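One structure is given here, and the rest of the page talks about it.
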Amino acid sequence: MEKLRYERPVIQKMNAGLMNKFGSKTENEVVNNIDGVPVKSLTKQYGSPLFVISERQIRRNMQNAKRIFKTRYPKVQFAWSYKTNYLNAVCRIFHQEGSWAEVVSGFEYDKALYNNVPGSKIIFNGPDKTENDLIKAAKNDSLIHIDHYDELYTLIRLSEENGLKPRVAIRVNMDTGIYPKWDRFGFNFENGQAWNALTRIINSPVLRLAGIHCHIGTFMLSANAYTIAARNLCELAWSIKERFGIMVDYLDLGGGFPSTNTLKGAYLPGTDTVPSIDQFADAITDVIISYGFKQDELPTLILETGRALIDDAGYLLTTVLATKRLSDGRRATILDTGINSLFTSFWYEHKINPAEPLGSQTEEMVLFGPLCMNIDVVRESIVMPLLEKGNQLVIQKVGAYNMTQWMQFITTRPNIVLIDSENNSHVIREAETLDYVQQPERIPDHLK
């Protein structure tokens, strides 16, 4: 008979967790499968830690968002935000559902081409487009969103030198009542920069103005901010029509819709505080429809929604490495995944569930990752059953940004698995090996 483990008794102040008007909240519901595939079988086959993506949930999210907007506005086009998750398998699911590609670098642009997106359906944002990037995008008839005057003048010169006439838009920043203001990107609305840039484009014989773009922020919790943004873009479009007799093809409201993750320090969970996509759709479409455009003049509404469509389709499966007591008596649990893989743990209180029943006794604890750094904290405080080495946990809503912002630091990055609509699992990115990590390295002869 195995000897029971001994743990020195401690006297600890009981803490039921942060209270709110709905009472205390437990997170100990067992999640033992993802889309019908057992967690235990996934980690046994592909290892731990392990990212898992649900194709069914991605398609459900995309179809729901399209339905919400298209029942309110006649001309809507989604463009998948590559920076949110640019795994090729993920991007191709969104493209199959009708999304264009929205990219912010030459690297992402080439990925979109690799994923068979026609150049005319690629939106090129970002402040760092090389001259080669601009020429390639212009030749492919992509939509180039100009970020600053240096880019505008460079594009004019390149177009003249290469006999090109690219389709362009400008990125507009503005005050929508959100702090801090996102005024780093694009041309300012309030001080006239945006209008000045638009008139220079219209007066250029080598550029064709196709649209107006804005991206007012990220994880936006106010639908009214989009009301202001839509109104400002409509004002610019209307002024262009009256002054130059030109009607832009589209208004691009960018991204920024939040997922239902809970931000750190939030009083209530994200599921109770985040506006629905319906609220954002009402805020945007009501303004454009009622602004005064004729029916045949209504611009196409482009949306670059990212995290709201992918976050809840991603899971991170992790295993307990060890448990201990900290110097102040708190229980600490060490997991085999940390901030190197779960970058969003810096700003989210991720929902974390046991993958198996673990008993009724619970305790407040800290969840650490395996890195030799004090900041490697997955959750600073969470009430969970008493975990032991080998127990498995499911971290939810991790589909956005973690697989693009993760780090190869101290440990290699894990497998990523896609569960398709038929509940079959596929490796869509293999776990890294030492050979893979060292492949770009070169050793000088005198060190061999």
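Filtering the range 129-153 to residues that are touching a residue at least 24 places away in the same chain (Cβ under 8 Å), out of contact with any strand residue (DSSP E or B) (no Cβ under 9 Å at 6 or more places or on another chain) and surrounded by fewer than 17 Cβ atoms within 10 Å (Cβ to Cβ) leaves Thr130, Glu131, Asn132, Lys139. Per the conditions (1) touching a Gly at 6+ places or on another chain (Cβ under 8 Å); (2) among the aromatic types (Phe, Trp, Tyr); (3) in contact (Cβ under 8 Å) with a residue 60 or more places away in the chain, the sole criterion not satisfied by Phe409 is (1).
Quick check: anything in the range 289-302 polar (S, T, N, Q) and in contact with a helix residue (DSSP H, G or I) (Cβ under 6 Å, 6 or more places away or on another chain)? Checked against the condition, which is being polar (S, T, N, Q) and in contact with a helix residue (DSSP H, G or I) (Cβ under 6 Å, 6 or more places away or on another chain), the range 289-302 yields no hits at all. Scanning the range 35-55 for residues that are in contact (Cβ under 8 Å) with a residue 60 or more places away in the chain, among the hydroxyl-bearing types (Ser, Thr, Tyr) and not in a loop (DSSP other than H, G, I, E, B) turns up Thr43, Tyr46, Ser54.
If you check Ile375, Ile395, Ile428, Ile410 for being among the aliphatic types (A, V, I, L, M) and surrounded by 21 or more Cβ atoms within 10 Å (Cβ to Cβ), only one passes: Ile395.
Somewhere in the range 375-386, is a residue in contact (Cβ under 8 Å) with a residue 12 or more places away in the chain and under 24 Å from Leu87 (Cα atoms)?
As a first pass, look at the range 375-386 and keep what is in contact (Cβ under 8 Å) with a residue 12 or more places away in the chain: 375-386.
Within this subset, residues satisfying the condition of being under 24 Å from Leu87 (Cα atoms) are 378.
Checked against the condition, which is being in contact (Cβ under 8 Å) with a residue 12 or more places away in the chain and under 24 Å from Leu87 (Cα atoms), the range 375-386 yields at least one hit.
Tell me, yes or no, whether the range 64-73 has at least one residue that is closer than 14 Å to Gly399 by Cβ, modelled with pLDDT of 95 or more and of a type outside the set (D, E, K, R). No. Of the strands (runs of 3 or more DSSP E) lying entirely inside the range 60-142, those carrying at least 1 residues that are closer than 23 Å to Ile416 by Cβ and of a type in the set (Phe, Trp, Tyr) are 76-81.
Within the range 154-196, the set of residues being of a type in the set (A, V, I, L, M), in contact with a strand residue (DSSP E or B) (Cβ under 9 Å, 6 or more places away or on another chain) and either outside the structural domain of Leu134 (by TED's automatic domain parsing) or part of a loop (DSSP other than H, G, I, E, B) (or both) comprises just one member, Met174. Within the range 358-389, restricting attention to residues that are small (Gly, Ala, Ser) and within 31 Å of the chain's Cα centre (by Cα), the residue that is nearest to Lys264 (Cα to Cα) is Ser381. What's the total number of residues in the range 378-389 that are in contact with a Ser or Thr (Cβ under 7 Å, 6 or more places away or on another chain) and either over 12 Å from Thr333 (Cβ atoms) or of a type in the set (A, V, I, L, M, F, W, C) (or both)? Number of matching residues: 4.
Results for (1) modelled with pLDDT of 95 or more; (2) assigned by TED's automatic domain parsing to the domain that holds Val37; (3) touching an Asp or Glu at 6+ places or on another chain (Cβ under 7 Å), shown as yes or no for each residue.
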{"site": "Met247", "(1), (2), (3)": "yes, no, yes"}
{"site": "Tyr250", "(1), (2), (3)": "yes, no, no"}
{"site": "Gly265", "(1), (2), (3)": "no, no, no"}
{"site": "Asp286", "(1), (2), (3)": "yes, no, no"}
{"site": "Lys294", "(1), (2), (3)": "no, no, no"}
{"site": "Thr300", "(1), (2), (3)": "yes, no, yes"}
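Only one entry in Ala210, Ala223 is under 22 Å from Tyr109 (Cα atoms), surrounded by fewer than 21 Cβ atoms within 10 Å (Cβ to Cβ), assigned by TED's automatic domain parsing to the domain that holds Phe280 and in contact (Cβ under 8 Å) with a residue 60 or more places away in the chain, namely Ala210. Residue count for the range 139-158 satisfying the condition of being over 21 Å from Val104 (Cβ atoms) and in contact with a Ser or Thr (Cβ under 9 Å, 6 or more places away or on another chain): 1.
Could you go through the range 88-106 and let me know if any residue there is at positive phi, touching a strand residue (DSSP E or B) at 6+ places or on another chain (Cβ under 9 Å) and modelled with pLDDT of 95 or more.
Filtering the range 88-106 for residues at positive phi gives 98.
Imposing the further condition that a residue be touching a strand residue (DSSP E or B) at 6+ places or on another chain (Cβ under 9 Å) reduces the set to 98.
Applying the additional criterion that residues be modelled with pLDDT of 95 or more yields 98.
Within the range 88-106, one or more residues are at positive phi, touching a strand residue (DSSP E or B) at 6+ places or on another chain (Cβ under 9 Å) and modelled with pLDDT of 95 or more.
In the range 309-329, of all residues being part of a loop (DSSP other than H, G, I, E, B) and not acidic (Asp, Glu), the one that is nearest to Leu42 (Cα to Cα) corresponds to Leu326.
If you go through the range 360-412 and keep only what is more than 15 Å from Thr337 (Cα to Cα) and not hydrophobic (A, V, I, L, M, F, W, C), you end up with Ser360, Gln361, Thr362, Glu363, Glu364, Ser381, Pro385, Glu388, Lys397, Gly399, Tyr401, Thr404.
Taken over the range 215-234, the criterion of being among the small types (Gly, Ala, Ser) and either more than 20 Å from Lys83 (Cβ to Cβ) or part of a helix (DSSP H, G or I) (or both) is satisfied by Ser222, Ala223, Ala225, Ala229, Ala230.
The values are calculated or read from the model by the stated rules, or taken from the named source; none is laboratory data. A quick note: this is a predicted structure, and the numbers were derived from the prediction, not measured. Because the Cβ atoms are built from the backbone with ideal geometry, glycine has one as well, and the counts that use them run over all protein chains shown.
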